[in-house]
Amino acid sequence: MINFDFYTPTKILFGAGRESEVGKQVAAFGGHKVMIVYGKRGGHIETSGLLDLVHKSLSDAGLSYVDLNGVVPNPRLSLVKEGIRIGRAQGVDFLLPIGGGSVIDTAKGIGYGIVNDFEMEDLLYGRVKTDKNLPIGVILTIAAAGSEMSSSMVLTIEDGMMKRSYGHDCARPRFAIMNPELTYSLSAYQTASGAADIMMHTMERYFTPTDTDTSLTDRIAEGLMISVRDAAQIAVKEPENYDARATLMWAGSLSHNGLTGAGRVSDFATHKIEHELGGMFDVAHGAGLAAVWGSWARYVYKTNPGRFAQFGEKVFGNSDSITAWETWCHSIGMPNTLTELGIHPTDAQIEEMAAKCVFGRNGHIGFFQPLTKEDIMAILQMAK
């Protein structure tokens with residue numbers, strides 16, 4: 001293992017009915033004026049009664065609040081800026097996203113903007129750094145991104161439709177309320193896309209250039225992926241299967257809090273490629289990852305064939321790991337190609353995405369096998 005830090009300060013409140021405790025938790029972590037961040041107005045957060053329950057819990061704890069809705073998948077910087085404006089005007093000192101990764105990342109961005117004096121574009125393009133954010137608590141309703149325990153956020157800058165990320169431990173939520181029942185309403189496609197994202201967060205850490213012994217981290221990662229493999233196949237068919245939903249929800253957090261990559265260098269090239277697909281075509285993140293990974297794998301396979309064989313044997317019982325992965329994706333309704341994803345990028349669009357992908361990143365991405373613009377173009381052509 002190489003040297004590593006493992007920092008997971010987020011308090012987890014897991015299980016049925018735990019969302020009723022949100023007011024007490026916000027108060028315990030010093031909140032007074034809360035901004036509640038969620039998806040579309042009139043959507044499930046409102047119609048299910050969850051928002052009303054949260055309002056009452058906050059009021060019972062003596063807290064005031066303001067609502068900010070309108071978060072969309074591949075969350076937009078423009079809404080973050082609106083949240084910053086409102087938050088500063090109303091003296092918001094605590095952020096409470098209700099939803100999944102897009103909502104949580106929006107809240108993280110708002111927190112950075114309220115307490116810092118810089119343009120958010122400068123943060124996302126790496127021109128400035130900060131270790132300051134507002135405290136954040138989460139009510140999770142989608143098992144996927146793992147943002148409820150992670151240090152990172154990903155936002156779409158509408159000027160050029162660039163997806164960029166920033167990460168710092170100050171953005172790790174203070175607490176996350178995780179009731180698997182809140183995910184029952186997700187469609188089979190949303191469930192499967194989330195499961196693919198969970199798998200990929202660990203796969204991006206599993207395919208590593210680190211050549212020292214990481215067998216303990218391997219076993220943790222493989223166990224998590226096996227559990228997700230099975231739970232996803234159940235949850236897409238039985239949406240109210242509590243055990244399957246609970247497995248996916250907890251795995252989503254563990255897959256992206258650093259545990260499955262401890263002691264080694266992570267790759268995340270597939271994520272960066274998919275971010276450009278999401279920016280240009282607004283596709284579901286997990287589905288986009290599923291559509292690209294097989295082509296990435298075939299392109300870099302010779303870098304370490306043994307690693308691919310181990311992945312296949314340990315997780316799928318098949319040393320042909322690329323085929324095994326693609327078979328699993330199809331079994332839960334996820335695509336293996338861009339055509340199956342429903343998009344048909346032109347050669348010019350592929351070149352544009354590849355150029356954006358390496359922009360501001362010293363001309364390459366990834367660590368398992370560093371990829372240039374030309375490499376990314378080749379992978380996207382293979383993925384068609």
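The values are calculated or read from the model by the stated rules, or taken from the named source; none is laboratory data. Just so we're clear, the structure is a prediction, and the values are computed from it rather than from any experiment. Reconstructed Cβ throughout: ideal geometry from the backbone, glycine too, with neighbour counts over all protein chains shown.
The figures follow:
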| read-out | value |
| --- | --- |
| Any chance residue 270 is surrounded by fewer than 22 Cβ atoms within 10 Å (Cβ to Cβ) and of a type in the set (Ser, Thr, Tyr) | no |
| Lone unmet requirement of (1) farther than 30 Å from residue 164 by Cα; (2) outside any helix (DSSP H, G or I); (3) under 23 Å from the mean Cα position of the chain (by Cα) for residue 19 | (2) |
| Residues (surrounded by fewer than 22 Cβ atoms within 10 Å (Cβ to Cβ), hydrophobic (A, V, I, L, M, F, W, C) and more than 27 Å from residue 113 (Cα to Cα)) located in region 160-206 | 188 |
| Test: residue in region 141-153 that is surrounded by fewer than 24 Cβ atoms within 10 Å (Cβ to Cβ), farther than 23 Å from residue 5 by Cβ and in contact with a helix residue (DSSP H, G or I) (Cβ under 9 Å, 6 or more places away or on another chain) | no |
| First in region 114-125 and more than 12 Å from residue 81 (Cα to Cα) and free of Cβ contacts under 8 Å to residues at least 40 places away in the same chain, second anywhere and polar (S, T, N, Q) and surrounded by 15 or more Cβ atoms within 10 Å (Cβ to Cβ), Cβ under 8 Å, 6 or more apart | 115/133; 116/130 |
| Within region 303-334, considering residues that are touching a residue at least 40 places away in the same chain (Cβ under 8 Å) and surrounded by fewer than 16 Cβ atoms within 10 Å (Cβ to Cβ), the one nearest to the chain's Cα centre (by Cα) | 331 |
| Matching option when the condition is of a type outside the set (Val, Ile, Thr) and under 25 Å from residue 356 (Cα atoms), among 266, 227 | 266 |
| Yes/no for residue 87 being under 21 Å from the mean Cα position of the chain (by Cα), in the same structural domain as residue 160 (by TED's automatic domain parsing), of a type outside the set (A, V, I, L, M) and modelled with pLDDT of 95 or more | no |
| Selection from region 103-131 of residues that are among the basic types (Lys, Arg) and closer than 25 Å to residue 255 by Cα | 108 |
